[in-house]
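One structure below.
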Amino acid sequence: MGRNVVVLGAQWGDEGKGKVVDLVARHFDVVVRYQGGHNAGHTVRIQGRQFILKLVPSGILCGKLSVIGNGLVVDPGALLEEIDALEAAGVEVRGRLFVSNRAHVIFPFHRTLERMTEARPGRLAIGTTSRGIGPCYEDKVARRGIRMADLLDRENFRQLYDALAEDKEVVRAAFRIGEPVDFAAIRKQYEEYAERLRPMVCDTAKLLNDALRAGRRILFEGAQGTMLDVDHGTYPFVTSSSAVAGGAPIGTGVPPTAVHAVVGVSKAYLTRVGAGPFPTEAFDERGEALRRVGVEFGAVTGRPRRCGWFDIPLLRYTAMINGFDSLVMTKLDVLDQFDEIPVCVAYRLGGREIDEMPATHRAMTAVEPVYEMLPGWRSPTAGLTRYEDLPPRARDYLNFLEERIGVEIGCISTGPEREQTIWRPGCKLLELLER
Ligand code: GDP
Ligand code: IMO
Ligand code: MG
């Protein structure tokens with residue numbers, strides 16, 4: 001037990017997964033992403049140097065074998081750009097990074113189509129990252145998508161691509177999208193990408209299963225968050241992939257029995273980028289303070305993140321869906337200056353307390369959070385590394401969350417740097433990492 005671990009977002013993304021993956025990667029041999037694409041932005045700060053990983057697993061910074069699994073949608077241009085930037089910064093990528101031959105390929109017209117659907121009057125705008133993620137997953141599920149293996153097989157690619165292009169041209173005309181698409185130029189560019197990607201592309205399910213057989217440990221790096229999961233999140237205001245722990249075996253090709261533990265990453269408050277219900281959103285100056293102190297602006301798009309208070313019903317729900325063995329609580333330091341801190345302890349709907357996550361957008365929007373006020377600690381926790389140095393009220397805050405959620409908080413993050421971390425003595429998390 002505990003050998004192969006999933007680390008994933010317990011809220012709406014941007015919980016600090018990048019920092020946490022980097023922190024624990026040394027216990028593993030391979031780090032693999034299992035879903036999403038370059039809509040992710042995982043920040044890792046190492047001695048003042050900042051890296052923002054989008055497609056490449058954060059484990060690359062620790063020199064780990066890194067894998068982009070079959071569950072991802074890959075924009076070759078974005079991937080090559082990211083690799084070049086990492087190598088320019090002195091990170092060795094080639095020879096360490098492998099891309100699944102079954103991962104799907106994003107094309108520029110996916111972005112065009114996304115812009116069109118997002119902007120169409122009368123349609124719900126999701127507030128996507130405009131990376132073509134949704135339309136590419138649409139093609140995957142519609143069984144007309146093009147995978148890495150298809151891209152590398154020249155003859156096959158031409159045929160598949162031309163059929164897909166014909167399809168897209170029909171859609172473009174039907175929706176009167178003015179923007180012209182030069183399908184032939186795109187095909188040529190992708191044929192060039194194929195040659196640059198070829199050395200990295202392989203059957204990563206086999207690579208991972210071989211690693212398992214050789215006794216290697218795998219860390220699964222989730223992107224987005226449970227509430228953005230296409231099945232279990234706040235549909236339709238979600239991303240188009242399976243961000244939950246169950247996505248790990250599907251998105252990598254290892255058997256579910258090879259996933260031994262699940263670690264949830266959560267902020268000590270809550271944020272969300274893009275549209276959709278957010279029961280504990282704070283519209284007042286305290287919400288503004290969270291954004292300012294927490295520097296809550298998107299790592300990928302620069303958009304201001306919506307900010308609000310810790311939501312216990314939401315964490316209980318995401319703990320249920322993922323089966324968290326332990327939680328990492330990040331950005332505790334952002335709460336240092338508050339006199340009191342509201343925490344949502346229950347949801348009310350139509351005057352009654354509910355103990356289920358509403359399934360519809362309408363019900364979720366109508367939820368009234370029930371708050372308890374917890375006293376703030378008003379003293380700096382930023383950079384602390386020992387649990388006993390935390391102010392008693394900060395410990396009370398964490399204990400309150402832990403007790404109500406019903407999952408241990410094994411690790412507390414007090415700043416963006418690797419070292420700004422508190423490990424809870426005797427926690428299950430340390431035990432499962434050190435196995
Ligand atoms: P991810 O997408 O889950 O990897 O999270 P992001 O990188 O998008 O956003 C998290 C942001 O918070 C990044 O800018 C991190 O450097 C920063 N961060 C992570 N942990 C802490 C922490 O404990 N305190 C503070 N102040 N910042 C943190
Ligand atoms: P990381 O991995 C936060 C959000 C978008 C939008 C919705 C759908 O850094 O936590 P998409 O482009 O995926 O179709 O957009 O999902 N979103 C994220 N929010 N963190 C992310 O990634 C996100 N990736 C997508 O803002 O609301
Ligand atoms: Mg992010």
Region 28-131 - charge dipole about Cα centre, Lys and Arg +1 at Cβ, Asp and Glu -1, debye rounded to 20: 260 debye
Label-point gap, in nm, between Asp339 and Ala163 - each point 7 angstrom along Cα→Cβ: 6.7 nm
Cα pair distances of region 328-428 binned at 5 Å [whole percent]: 2, 12, 20, 19, 15, 12, 10, 7, 2, 0
Charged-residue dipole, Cβ positions (Lys, Arg, Asp, Glu), the chain about Cα centre, Debye nearest 20: 580 debye
Angle in degrees between helix 183-197 and the longest Cα principal axis of the chain, rounded to the nearest 10: 70 degrees
Inter-part distance where region 19-72 and region 309-333 are each reduced to a Cα centre, Å: 21 Å
Linear extension gain, Arg198 paired with Leu80, 0.36 nm per residue minus alpha-carbon span: 41.3 nm
Ordering of 199-205, 341-347, 17-23, 179-185 by packing [mean C-beta count within 10 Å, highest first]: 17-23, 341-347, 199-205, 179-185
Reachable lysines from Lys331, criterion Cα separation under 29 angstrom, eight or more residues apart if same chain: Lys17, Lys19, Lys54, Lys64, Lys267, Lys428
Degrees separating the helix 108-119 axis from the principal Cα axis of the chain, which is the longest one: 50 degrees
Cross-link partners of Lys140 among lysines (Cα-Cα below 20 Å; sequence separation of 8 or more within a chain): Lys168
Highest average packing first - 119-126, 30-37, 161-168, Cβ atoms within 10 Å: 30-37, 161-168, 119-126
Summed side-chain charge close to Arg196 - residues other than Arg196 whose Cβ falls under 15 Å, Lys, Arg +1, Asp, Glu -1: -4
Positive dipole terminus of the chain, leading residue within Ala394, Val93, Ala282 (C-beta point charges): Val93
Largest-first principal axis extents of the Cα set of region 168-210 (Å): 49, 21, 11
MRE, 222 nm, helices only [DSSP H, n ≥ 4, -39500 (n - 2.57), over the chain, to nearest 500]: -9500 deg cm²/dmol
log₁₀ of I(q)/I(0) at q = 0.07, 0.11, 0.12, 0.13 Å⁻¹ - the chain, Debye sum with one point per alpha carbon: -0.34, -0.83, -0.99, -1.15
Cα pair count fraction exceeding 21 Å, expressed as % - region 51-145: 40 percent
As computed over region 127-219, the Cα convex hull volume per residue (Å³): 149 Å³
Between helix 76-88 and the chain: long-axis angle, C-alpha atoms, 0 to 90°, nearest 10: 60 degrees
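Read the figures in this text as sums done on the coordinates, not as results from a lab. From a predicted model like this one, the values you see are computed outputs, not experimental measurements. For neighbour counting, all protein chains shown are included, and Cβ atoms are generated from backbone atoms with ideal geometry for every residue, glycine included.
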